[in-house]
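What follows is a short report on a single structure.
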There are 2 protein chains.
Amino acid sequence: MATLGELERSVMDVLWDSTDALTAGDIRDDLAHGNAAGVGKELAVTTVLTVLSRLEAKNFVTRERDSRPHLFSASTSRAAHMAELMHEVLGAAPDREAVLARFVGQVSPREADALRRILAGK
Amino acid sequence: MATLGELERSVMDVLWDSTDALTAGDIRDDLAHGNAAGVGKELAVTTVLTVLSRLEAKNFVTRERDSRPHLFSASTSRAAHMAELMHEVLGAAPDREAVLARFVGQVSPREADALRRILAGK
DNA sequence: AATTCCTTTCTACACTATGTAGAAGTTGAT
DNA sequence: ATCAACTTCTACATAGTGTAGAAAGGAATT
């Protein structure tokens, strides 16, 4: 999968944190004033649109062209994306089980429990 | 953690696949003829040395300066590195458990068993 | 129909990381 | 002191990303 730059990532965060589709302007404002990671970025709308186009090309974002200010939304949930990234890392290892062992070894007890629960219902 | 380019990654693979420390020349040869991922790369030794320096700066590689052709080895095991990468991804998510759920959901039955085993002995 | 305003697309440039390697410098051996 | 091997320095090309103005498109309004 393609990797994301910092601004691209911030934009995705805004989209992931929003239930509904957003315009470039909405995103611009969120990046400027929103509580999220993009704290304090004063960007031109064209900048946001450029980034959105790139994200669209990378299939991270879906664009509704029929709405007049185009509406953008994440094509995948954050959780799905993150999980895929993790699988990508894992897939690059010849010794997958060793990696899993290390990975689980460093997980907090709370999360170890979560994992057990998840694995039980499967 | 810093991210690795393709050649950097190939060099790390050579080091990870080797039990003992290697010289730049060794690595160069492995990349050229070795079975690993670097298939068929005909590189100048200086190129390999540059990459090794960069990897050293990123703390991926340890250099023994007292040996005359310097000896290089991976500072971390591949499994540890991969596990750390996975934790890094996970750490960037606000909804960690959701990510874990997705992740485990896409794991093969064989690996699910491995996970259960690992979690049991913990 | 022409104008205007909003929106999108095109074009452009700077900066960084990475791949790549020759030139220059260093050092141990003869 | 010289030579050969090795390392470090310097340099350039390419690609990805951040950034945004200029140009173009389209819809409402006069």
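The values are calculated or read from the model by the stated rules, or taken from the named source; none is laboratory data. Keep in mind the model is a prediction, meaning the values are calculated, not measured. Cβ sites come from the backbone with ideal geometry, for glycine too, and all protein chains shown count toward neighbours.
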Report task. Could you figure out which of (1) in a helix (DSSP H, G or I); (2) within 15 Å of DNA strand C (Cβ to nearest atom); (3) under 20 Å from the mean Cα position of the chain (by Cα) isn't true of A:THR46? Result -> (3)
Query raised in the report: Could you say whether any residue in the stretch B:1-11 is within 14 Å of DNA strand D (Cβ to nearest atom), part of a helix (DSSP H, G or I), of a type outside the set (Gly, Ala, Ser) and within 14 Å of chain A (Cβ to nearest Cβ)?
Result: yes
Query - Residue that is nearest to A:HIS70 (Cα to Cα) [pool: residues in the stretch A:1-28 that are away from DNA strand C (no atom under 15 Å from the Cβ) and among the acidic types (Asp, Glu)] - result: A:ASP20
Query raised in the report: Which condition does B:SER67 not pass, out of (1) away from chain A (no Cβ under 12 Å); (2) away from DNA strand D (no atom under 14 Å from the Cβ); (3) modelled with pLDDT under 95; (4) out of contact with any helix residue (DSSP H, G or I) (no Cβ under 6 Å at 6 or more places or on another chain), if it passes all the others?
Result: (2)
Requested in this report: Mind telling me which of the residues A:LEU90, A:LEU100, A:LEU85, A:LEU55 ends up being surrounded by 15 or more Cβ atoms within 10 Å (Cβ to Cβ) and farther than 28 Å from B:THR76 by Cβ?
Outcome: A:LEU55
Report summary line: Taking first residues from the stretch A:53-77 that are without any contact (Cβ under 8 Å) to a residue 12 or more places away in the chain and second residues anywhere that are surrounded by 14 or more Cβ atoms within 10 Å (Cβ to Cβ) and among the acidic types (Asp, Glu), the pairs with Cβ under 8 Å that are 6 or more apart or on different chains are A:ARG63/A:GLU56
Requested in this report: State yes or no: is B:LEU31 within 22 Å of A:ASP95 (Cα to Cα), assigned to a helix (DSSP H, G or I) and either within 13 Å of DNA strand C (Cβ to nearest atom) or within 12 Å of the chain's Cα centre (by Cα) (or both)?
Outcome: yes
Requested in this report: Take the stretch A:9-31 and flag every residue that is out of contact with any Lys or Arg (no Cβ under 6 Å at 6 or more places or on another chain) and either small (Gly, Ala, Ser) or over 15 Å from A:SER73 (Cβ atoms) (or both).
Outcome: A:ARG9, A:SER10, A:SER18, A:ALA21, A:ALA24, A:GLY25, A:ARG28, A:ASP29
Query raised in the report: What is the one condition in (1) in a strand (DSSP E or B); (2) within 10 Å of DNA strand D (Cβ to nearest atom) that B:SER73 does not satisfy?
Result: (2)
